[in-house]
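Presented below is the structure to which this report refers.
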Amino acid sequence: YRSKEAGKGTYTIFDSSMIEDHKRKLMIANSINSAISNNEYRVHYQPKVNQNGEIVGFETLLRWAHPILGMVSPAEFIPIAEQGGKIPAITSWVLEQACRDLDKIKAIFPQRFRVSVNLSAFDLRNPALFDFITNTFDRHNVDPRFFELEVTESAYLESFAASDKFFRRVSNMGCAISLDDFGTGYSSLGYLTQISIDTLKIDRQFIRELDTSERSRMVTGTIIDLAKRLNLTICAEGIEQEGQIAYLASQGCDHMQGFYFSRPLPLEELANLPRRFEIPGQNESPQLNISY
Ligand code: C2E
Ligand code: MG
Ligand code: MG
Ligand code: MG
């Protein structure tokens with residue numbers, strides 16, 4: 001292939017993997033439209049637990065069984081949906097599904113919990129988002145206090161004034177807001193004094209490095225401390241090992257989420273979750289030193 005821009009006598013080599021990547025992207029972009037009508041999406045729910053091992057929430061995570069490509073990760077198709085302007089249909093489908101499932105989840109878990117839905121930057125640019133969310137809650141007759149919206153720092157800050165107004169309204173009706181993947185953006189911390197959120201979710205990257213990096217432990221401890229000083233709830237995501245829990249508990253982390261507790265599960269499997277997770281070091285019988 002002779003590249004025009006590169007000038008005479010130069011060649012740009014496309015290896016077959018680039019062509020394959022491009023084909024795959026196109027295929028994903030083209031089939032996003034029909035995924036809903038072909039019933040290819042599923043919502044999975046991943047539990048979040050508190051320091052006592054009780055379930056306090058479930059994050060909705062979208063799953064797509066593509067007819068040709070098999071399971072496609074949202075990490076791959078959400079950015080493609082963003083580029084193609086396909087996010088509103090996806091967000092609406094996930095929120096609808098979560099509203100439809102809420103009563104079934106309540107029947108299994110009698111405690112207060114929140115179901116969180118991930119919003120993308122594209123959603124926050126949509127001026128009709130608030131009305132759309134309230135309409136959905138109203139139509140399903142669900143209490144917004146059972147819901148939470150997760151948004152990344154960069155999405156929030158991209159359109160700060162509009163986002164902030166939106167989240168204040170959302171908050172006023174009782175729906176919570178969490179800042180997802182916290183600590184991975186490049187923004188200054190100044191905005192934290194103005195933002196209206198309830199929870200900071202520490203990114204998995206820090207949790208992954210807890211056992212190996214003293215610096216990651218210090219940063220994680222500092223983020224937890226920061227959240228507490230700001231009176232925010234702090235949630236750690238991506239917990240896979242017992243040792244990570246011990247450190248997070250020692251720092252007073254409120255909520256935890258990760259494969260250690262459970263992978264994201266389809267609704268039908270939520271009933272198999274333990275009513276209370278064992279938190280290493282917390283559920284042991286107290287060391288009583290009784291002498292007669
Ligand atoms: P996220 O919102 O930060 O979600 C957490 C991701 O970490 C999920 O990946 C989850 O399955 C994964 N995870 C949870 N625990 C562990 C763990 O212990 N170890 C490891 N290695 N991973 C863990 P998933 O489901 O592939 O989603 C990736 C991203 O795609 C999400 O990141 C979110 O940004 C986006 N996403 C997923 N569902 C939706 C959706 O319905 N709407 C939008 N807009 N974005 C979504
Ligand atoms: Mg999330
Ligand atoms: Mg996250
Ligand atoms: Mg993430």
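Is it true that residue 163 is at pLDDT below 95, away from ligand 4 (no atom under 16 Å from the Cβ) and either open to solvent by 20 Å² or more (accessible area, probe 1.4 Å) or in contact with a Phe, Trp or Tyr (Cβ under 7 Å, 6 or more places away or on another chain) (or both)?
On the way: at pLDDT below 95: yes; away from ligand 4 (no atom under 16 Å from the Cβ): yes; either open to solvent by 20 Å² or more (accessible area, probe 1.4 Å) or in contact with a Phe, Trp or Tyr (Cβ under 7 Å, 6 or more places away or on another chain) (or both): yes.
So residue 163 passes the test.
Is it true that residue 184 is more than 18 Å from residue 145 (Cα to Cα), hydroxyl-bearing (Ser, Thr, Tyr) and within 16 Å of ligand 2 (Cβ to nearest atom)?
yes
Evaluate the following for residue 239: is it at pLDDT 95 or above, assigned to a loop (DSSP other than H, G, I, E, B) and open to solvent by less than 40 Å² (accessible area, probe 1.4 Å)?
yes
Of all residues in region 264-292, count the ones that are open to solvent by less than 100 Å² (accessible area, probe 1.4 Å) and modelled with pLDDT of 55 or more.
Counting residues in region 264-292 that are open to solvent by less than 100 Å² (accessible area, probe 1.4 Å) and modelled with pLDDT of 55 or more gives 14.
Identify the single condition in (1) charged (D, E, K, R); (2) in contact with a strand residue (DSSP E or B) (Cβ under 9 Å, 6 or more places away or on another chain); (3) open to solvent by 40 Å² or more (accessible area, probe 1.4 Å) that residue 158 does not satisfy, given that it satisfies every other one.
Of the numbered conditions (1) charged (D, E, K, R); (2) in contact with a strand residue (DSSP E or B) (Cβ under 9 Å, 6 or more places away or on another chain); (3) open to solvent by 40 Å² or more (accessible area, probe 1.4 Å), the odd one out for residue 158 is (2).
Could you please let me know if residue 196 is closer than 25 Å to residue 113 by Cβ, at pLDDT below 90, surrounded by fewer than 18 Cβ atoms within 10 Å (Cβ to Cβ) and touching a helix residue (DSSP H, G or I) at 6+ places or on another chain (Cβ under 8 Å)?
Judged against the criteria, residue 196 is a match.
Here are the criteria: (1) away from ligand 4 (no atom under 15 Å from the Cβ); (2) open to solvent by 70 Å² or more (accessible area, probe 1.4 Å). Tell me which single one residue 173 does not satisfy.
Going through (1) away from ligand 4 (no atom under 15 Å from the Cβ); (2) open to solvent by 70 Å² or more (accessible area, probe 1.4 Å) one by one, residue 173 breaks only (2).
Quick grid of which residues meet (1) within 16 Å of residue 29 (Cβ to Cβ); (2) within 19 Å of the chain's Cα centre (by Cα):
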position	(1), (2)
69	yes, no
83	yes, no
92	no, yes
118	no, yes
123	no, yes
131	no, no
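List the number of the failed condition for residue 99; all other conditions in (1) away from ligand 1 (no atom under 13 Å from the Cβ); (2) in contact with a Pro (Cβ under 8 Å, 6 or more places away or on another chain) hold.
(2)
Would you confirm whether or not region 211-220 contains a residue that is of a type outside the set (S, T, N, Q) and within 15 Å of ligand 1 (Cβ to nearest atom)?
yes
Is it the case that region 94-117 has a residue that's hydroxyl-bearing (Ser, Thr, Tyr) and away from ligand 4 (no atom under 16 Å from the Cβ)? Quick ask: steps written out before the conclusion?
Of all residues in region 94-117, those hydroxyl-bearing (Ser, Thr, Tyr) come to 116.
Right, trim to away from ligand 4 (no atom under 16 Å from the Cβ) and you get none.
Checked against the condition, which is being hydroxyl-bearing (Ser, Thr, Tyr) and away from ligand 4 (no atom under 16 Å from the Cβ), region 94-117 yields no hits at all.
Is at least one residue of region 20-32 hydrophobic (A, V, I, L, M, F, W, C), at pLDDT 95 or above and under 19 Å from residue 238 (Cα atoms)?
no
Just one of (1) open to solvent by 10 Å² or more (accessible area, probe 1.4 Å); (2) closer than 30 Å to residue 245 by Cα; (3) assigned to a helix (DSSP H, G or I) trips up residue 98, so point out which.
Only one criterion in (1) open to solvent by 10 Å² or more (accessible area, probe 1.4 Å); (2) closer than 30 Å to residue 245 by Cα; (3) assigned to a helix (DSSP H, G or I) is unmet by residue 98, namely (1).
Go through region 105-126 residue by residue and tally those that are polar (S, T, N, Q) and within 16 Å of ligand 2 (Cβ to nearest atom).
So the answer is 3.
Take the residues of region 114-129 that are touching a residue at least 40 places away in the same chain (Cβ under 8 Å) and more than 11 Å from residue 162 (Cα to Cα): which is surrounded by the most Cβ atoms within 10 Å (Cβ to Cβ)?
The first filter runs over region 114-129 and keeps only residues touching a residue at least 40 places away in the same chain (Cβ under 8 Å), leaving 114-118, 120, 122, 124.
Filter once more, keeping what is more than 11 Å from residue 162 (Cα to Cα): 114-118, 120, 122.
On the way: 114: 21, 115: 21, 116: 28, 117: 24, 118: 21, 120: 19, 122: 20.
Here the answer is 116.
Within region 101-126, track down each residue that is of a type outside the set (Lys, Arg) and in a helix (DSSP H, G or I).
101, 102, 103, 105, 107, 108, 121, 122, 123, 124 - these are the residues of region 101-126 that are of a type outside the set (Lys, Arg) and in a helix (DSSP H, G or I).
Look at residue 234 and say whether it is closer than 10 Å to residue 200 by Cα and either outside any loop (DSSP other than H, G, I, E, B) or within 16 Å of ligand 2 (Cβ to nearest atom) (or both).
On the way: closer than 10 Å to residue 200 by Cα: yes; either outside any loop (DSSP other than H, G, I, E, B) or within 16 Å of ligand 2 (Cβ to nearest atom) (or both): yes.
Here the answer is yes, as residue 234 does meet what is asked.
The values are calculated or read from the model by the stated rules, or taken from the named source; none is laboratory data. Values in this document were obtained by computation on a predicted structure and should not be read as measured data. A quick note on method: Cβ atoms are made from the backbone with ideal geometry, for glycine too, and the neighbour counts reach across all protein chains shown. The area values use the complete protein model at the heavy-atom level, side chains included, leaving out ligands, DNA and RNA. Shrake-Rupley method; radii C 1.70, N 1.55, O 1.52, S 1.80 Å.
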